[in-house]
1. For residues that are closer than 23 Å to Tyr172 by Cβ and in contact (Cβ under 8 Å) with a residue 60 or more places away in the chain, scanning just segment 85-125, find the one that is most open to solvent (accessible area, probe 1.4 Å).
2. List, please: which pairs have Cβ atoms under 6 Å, are six or more places apart or on different chains, and start with a residue in segment 19-39 that is open to solvent by 20 Å² or more (accessible area, probe 1.4 Å) and end with one that is among the aliphatic types (A, V, I, L, M) and part of a loop (DSSP other than H, G, I, E, B)?
3. Return the residues of segment 143-197 that are over 15 Å from Asn21 (Cα atoms) and of a type in the set (Ser, Thr, Tyr); say none if nothing qualifies.
4. If you scan segment 170-206, which residues turn out to be polar (S, T, N, Q) and more than 14 Å from the chain's Cα centre (by Cα)?
5. Just to be sure, is Leu47 closer than 25 Å to Ile183 by Cα and of a type in the set (A, V, I, L, M, F, W, C)?
6. For segment 129-165, how many residues meet the condition of being more than 13 Å from the chain's Cα centre (by Cα) and either assigned to a strand (DSSP E or B) or surrounded by fewer than 21 Cβ atoms within 10 Å (Cβ to Cβ) (or both)?
7. How many of the residues making up segment 168-191 are touching a residue at least 40 places away in the same chain (Cβ under 8 Å) and open to solvent by 20 Å² or more (accessible area, probe 1.4 Å)?
8. For the list (1) under 30 Å from Asn60 (Cβ atoms); (2) assigned to a helix (DSSP H, G or I), I need the number of the one condition that Leu6 fails.
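The values are calculated or read from the model by the stated rules, or taken from the named source; none is laboratory data. Just so you know, these numbers come straight off a predicted model, no measurement behind them. A quick note on method: Cβ atoms are made from the backbone with ideal geometry, for glycine too, and the neighbour counts reach across all protein chains shown. Each accessible area value is taken on the protein alone, full model and side chains, heavy atoms only, with ligands, DNA and RNA left out. Shrake-Rupley method; radii C 1.70, N 1.55, O 1.52, S 1.80 Å.
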Amino acid sequence: MATYTLPELPYDYAALEPVINPQIIELHHDKHHAAYVKGANDTLEQLEEARDKGAWGAINGLQKNLAFHLSGHILHSIYWHNMTGDGGGEPLAADGVGDLADAITESFGSYAGFRSQLTKAAATTQGSGWGVLAYEPLSGKLIVEQVYDHQGNVGQGSVPVLVFDAWEHAFYLQYKNQKVDFIEAMWQVVNWQDVAKRYAAAKERADVLLLAP
């Protein structure tokens, strides 16, 4: 049986209009995300075969493929839940996300500073990648990461809580080559309730995520 499965979307294809049109959501989830799930499962099978035969000539490529496909699956699984049709705005205590709002201010100086950094990180990825807000357990603070592909340039202990997909397949059919316009529009659909839950869970698990010296 397959180790990984494609999760269902938490909304219909049209739920994020006009920020993301239904065609993009359908292709992105049903084709691109599904391909990462298949790639991760296929690579695990190939690694099992290599172990059975003691044939390790392709080990470097297989390990790279596993990191690529598995990270793609994980980030996309977060991405879908990070968005909602009635999202956006700034995280506020009045909306029940005060701990997250305070952490953003503590880590970045202000919400505006955080938003600017994540926007720039996502919009200026070289080639394909992501802008990610992550909980870093060693410092106990939030950090922004600019992820290349799905797995490069990542702090080992960090836990993603908000992800902006900056691959062309996430926006090109609607925004053409204007990646920065897409990233700016993404702020209109951020699901702060979901981000806050992920932040709280990451904080609670910090002692097992990374045992600091």
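1. Gly85
2. Listed pairs, sorted by first residue: Pro22/Ala14; Ala34/Leu6.
3. Result: Tyr148, Ser158.
4. Residues satisfying the conditions are Gln174, Asn177, Gln178, Gln188, Gln193.
5. Criteria not met by Leu47.
6. 11
7. 9
8. For Leu6, the failing item is (2).
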